[in-house]
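S.K.: Quick one: the structure is below, questions incoming.
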Amino acid sequence: MEVHRVSTYHDVEHALRITDLKQSLYDEGKILMDKVLVTLHGDEHRQRRSIESQLFRKNFFRVYENEVFPDLLRETLDQFLTDSSLDLKELGYRIMVHLSLSFAGIDRIDGTVEEADAQHRLLIQLGQ
């Protein structure tokens with residue numbers, strides 16, 4: 001594989017015209033990033049993008065913003081607002097994870113802190 005170094009506008013313009021050029025940014029995370037849209041190229045990328053682009057339409061985000069996210073946010077906040085203080089970083093992480101799980105179609109059955117903790121542990125293990 002030939003390595004291309006890009007440091008000027010001209011280099012970028014040239015690189016964008018190389019049809020089989022691929023980024024290596026995600027090579028080390030292949031176990032998680034293999035076959036995701038940002039790592040696909042050519043026809044495989046175009047076909048997958050046309051399917052996944054259906055998810056990123058305004059009406060889809062309106063449903064998420066108005067129906068899914070408020071309940072998810074309320075449920076997550078209820079888990080954290082039991083003490084006199086909370087860790088904003090942990091709260092933000094939980095909200096992002098719960099939203100990602102929802103977006104991926106992974107249901108939370110009982111909505112408990114224990115269930116959320118188990119899902120977070122699983123995500124951490126998958127990310128290693």
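Read-outs: derived from the displayed coordinates by stated rules, not from any lab. Predicted model, so just to flag it, every value in this text is computed and none were measured. All Cβ positions, glycine included, derive from the backbone under ideal geometry; neighbour counts span all protein chains shown.
S.K.: Work out how much length GLN125 to ASP87 would gain on full extension: take 0.36 nm times their residue separation and subtract the Cα-Cα distance, in nm to one decimal. Display every interim value, and only then the final one.
M.R.: Numbers: separation 38, 0.36 × 38 = 13.68 nm, distance 2.24 nm.
Extending this stretch completely gives an extra 11.4 nm.
S.K.: How much length is gained on full extension from ASP71 to PHE56, taking 0.36 nm per residue of separation minus their Cα-Cα distance? Show your work: numbers first, answer last.
M.R.: Values: separation 15, 0.36 × 15 = 5.40 nm, distance 2.07 nm.
Here the segment from ASP71 to PHE56 would lengthen by 3.3 nm.
S.K.: For the chain, what D do you get in µm² per second when you plug the Kirkwood radius from alpha-carbon pairs into Stokes-Einstein at 37 °C and 0.692 mPa s?
M.R.: 180 µm²/s
S.K.: Also, I was wondering about something else. Give me a comma-separated list of calculated 3J(HN,Hα) values for segment 62-67, in order, Karplus coefficients 6.51, -1.76, 1.60 applied at θ = phi - 60°, integers in Hz, x for any Gly or Pro.
M.R.: 3J(HN,Hα) across segment 62-67, in whole Hz: 5, 4, 4, 5, 9, 10.
S.K.: Where a Cα-Cα gap under 25 Å defines reach, which lysines qualify for LYS30, not counting those fewer than 8 residues away within the same chain?
M.R.: Reachable lysines: LYS22.
S.K.: Label points 7 Å out from Cα along the Cβ direction at SER24 and PHE80: separation in nm?
M.R.: Taking the simple label geometry, SER24 and PHE80 are separated by 3.9 nm.
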